[in-house]
Amino acid sequence: MPLYLDSHATTPLDPRVLEAMMPYLTDRFGNAASTTHSFGHEAAEAVARARAQVAAATGAQPDDVVFTSGATEALNLAIKGTAEAARGGGHIVTCVAEHPAVLDACARMERAGVRVTRLPIEPDGSLSPARVAAALEDDTFLAAIMQANNEIGTIHDIASIAALCAERGVPLLTDATQSAGKIPLRMEEWGVRMAALSAHKVYGPKGVGALIVRRSGRPRLRLTPQIDGGGHERGLRSGTLNVPGIVGLGAALEIAEAERETEAARLGALRDRLRARLFGELDALEENGTAPAKLAHNLNVAFHFVDSAALLNAVPQVAVSTGSACSSAEPEPSHVILALGHGEEHARCSVRFGLHRFTTPEDIEQAASLVIAAVRELRGHSGLYGAT
Ligand SMILES: Cc1ncc(COP(=O)(O)O)c(C=O)c1O
């Protein structure tokens, strides 16, 4: 089996999470909305437990948690729901390096009459809180800024951004999909009004996530549901609850929180080792996202004079991803790498490594050796490498 180093795309399911889910995939199959018998009650109790686990992991209250099919749905609910409640006008502040779930939802609202400011990032991938504050206008009804970037791993100072937004009475939505369970998130303490996350990025199952919505507080947050039906999730997201998935999300976040610090230290050391080997044994490399605040398991490197797609083909034993997002038939250069100020060439030679809970020191040595050998081989065939 290839070495899996693409944990920003998805993470392996932790066996402990599967174990927690198993009863709800088998004999505890009740509908959490069934109030007339014990099958429904035990499903509802499991959902309540998961709600408390999600709230504990994000520094919010259990009643704030709205379960969804994942972060994409959660972000769409937050952005379209607030835009609709703002009645088609107003202003959103976001950032060019956000995930397409944010950027595309904002673009759709823009076509419906909302003004959208897309803030640039610095060449190191950071975003200054003051820049966010300066972009807020009198009719800004939402700021949407991710906590950690899914390509370059840079972490934004959400506590400061939330405080500055609160001063202007603007609710802050943070996309915590890559950061939940990996770095602290204290929604209440920091004044973050909404956060989106997804189970499959934190060793849980695919197809389940949450939007955490702190509706109380000032200004009052108005959100229009995007899926109507039986009025589940306080009317914000109708549809029979995915009980096994929700149990998995709760368990996954609880485990991640309990192991967060030791795991970040372990992964940070492995990532540093990978970086040291690549940069020590190859020349013409550049790291993407050099801001000091960075996820411990992320490394994004431009291998100059090597096409990243060719590199990935040359090392089928290592599962990593390129600086191109294959969102369509034509791979587009990554909008995040371009936002750092680089050109398409740079994006097309960039590779993202994402370490995970089951990555071992041996995996890192093996991956480094394979990638180094492949880069040397490919550069040997390149007329450009060594020509200058
Ligand atoms: C930062 C970020 N936001 C949102 C998403 C979408 O998450 P989901 O797969 O749960 O829809 C992803 C997944 O790639 C992500 O990395």
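Rounded, prolate or oblate, given the Cα gyration tensor of segment 61-108, with a/c below 1.5 counting as rounded?
On the way: a/c = 2.06, a/b = 1.28, b/c = 1.61.
Note, shape of segment 61-108 comes out oblate.
Quick one: plug the Kirkwood hydrodynamic radius of the chain (C-alpha pairs) into Stokes-Einstein at 4 °C, 1.567 mPa s, and report D in µm²/s.
60 µm²/s
Does segment 132-245 classify as rounded, prolate or oblate by the C-alpha gyration tensor (a ≥ b ≥ c root eigenvalues; a/c under 1.5 gives rounded; else a/b over b/c gives prolate, otherwise oblate)?
oblate
How do 21-28, 49-56, 227-234, 284-291 rank on mean C-beta neighbours within 10 Å, highest first?
So the order, starting with the most tightly packed, is 49-56, 284-291, 21-28, 227-234.
In degrees, nearest 10, range 0 to 90: what is the angle between the Cα axis of helix 158-167 and the longest Cα principal axis of the chain?
With rounding to tens, the tilt is 50 degrees.
Since every read-out is calculated from the coordinates, none of them should be taken as a lab result. If you're wondering where the values come from, they're calculated on a predicted model, not measured in any experiment. A quick note on method: Cβ atoms are made from the backbone with ideal geometry, for glycine too, and the neighbour counts reach across all protein chains shown.
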